[in-house]
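Structure first, then comments.
The values are calculated or read from the model by the stated rules, or taken from the named source; none is laboratory data. Every value quoted in this text rests on a predicted model; they were computed, and no experiment measured them. Please note: Cβ atoms are built from the backbone with ideal geometry, for glycine as well, and neighbour counts cover all protein chains shown.
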Amino acid sequence: MPDFEARNLTEGLNGFLGFRLIDWRDGIAQISVNIADKHRNRQGGIHGGVTASLIDAATGFCGVYEPDPEKRRGNVTVSLNVNFVGRAKGSTLTCKAKVIRAGRRLYFASGEVHDEHSNLIASAEAVYAYVDRDAQRRAVS
């Protein structure tokens, strides 16, 4: 199996926030972000929405891994429960996510966000529904 080559995510909010997919394989995804001013709230901390979006991206990716892009399934978030447990002390956040269980129509995933000093920032559980990967794009057009 070839090594995964990390890449910047360029579409939509993931691209705007500067997310980088650093590991992606069957049932596993890892996404990181270097914190900039645009990621901060009015108190100067990392905005909770950035952390939640990072978790949503990683738990979303972990359930749809497929080496062949033509066979890859789409997904939509059904439920996302985030627990904010600590404050980041560094300048990079990384979410490691894994599939807990997958069925024909739904999958369940968990994720944890740490800074580069291994401080736990947030943990989460998520549920996703598999969908036609182009269905949302067709609906917007």
Inset, instruction - Kindly indicate the residue of region 39-86 that is closer than 23 Å to Arg104 by Cβ and charged (D, E, K, R) and also nearest to the chain's Cα centre (by Cα) among those meeting that condition. - result: Asp56
Inset, instruction - Could you list, in sequence order, all residues of region 1-34 that are touching a Gly at 6+ places or on another chain (Cβ under 8 Å) and more than 15 Å from Asp56 (Cα to Cα)? - result: Asn8, Asn34
Inset, instruction - Evaluate region 4-20: report whether one residue or more is more than 20 Å from Asp134 (Cβ to Cβ), at pLDDT below 95 and among the hydrophobic types (A, V, I, L, M, F, W, C). - result: yes
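Check region 34-48 and report whether any residue there is among the polar types (S, T, N, Q) and closer than 14 Å to Ala97 by Cβ. If you could, list the steps in order and put the result at the bottom.
Going through region 34-48, the residues among the polar types (S, T, N, Q) turn out to be 34, 41, 43.
Narrowing further to those that are closer than 14 Å to Ala97 by Cβ: none.
Within region 34-48 (the criterion being among the polar types (S, T, N, Q) and closer than 14 Å to Ala97 by Cβ), the answer is no, since none of the residues qualifies.
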Inset, instruction - Of the conditions (1) in contact with a helix residue (DSSP H, G or I) (Cβ under 6 Å, 6 or more places away or on another chain); (2) closer than 21 Å to Asn119 by Cβ, Ile28 clears all except one; give me its number. - result: (2)
Inset, instruction - Go through Ala88, Ala29 for me and flag whichever is in contact with a Cys (Cβ under 9 Å, 6 or more places away or on another chain) and either hydrophobic (A, V, I, L, M, F, W, C) or at pLDDT 95 or above (or both). - result: Ala29
Legend entry - Scan of region 91-141 for residues that are at pLDDT below 95 and touching a helix residue (DSSP H, G or I) at 6+ places or on another chain (Cβ under 9 Å), ordered by number: Asp132
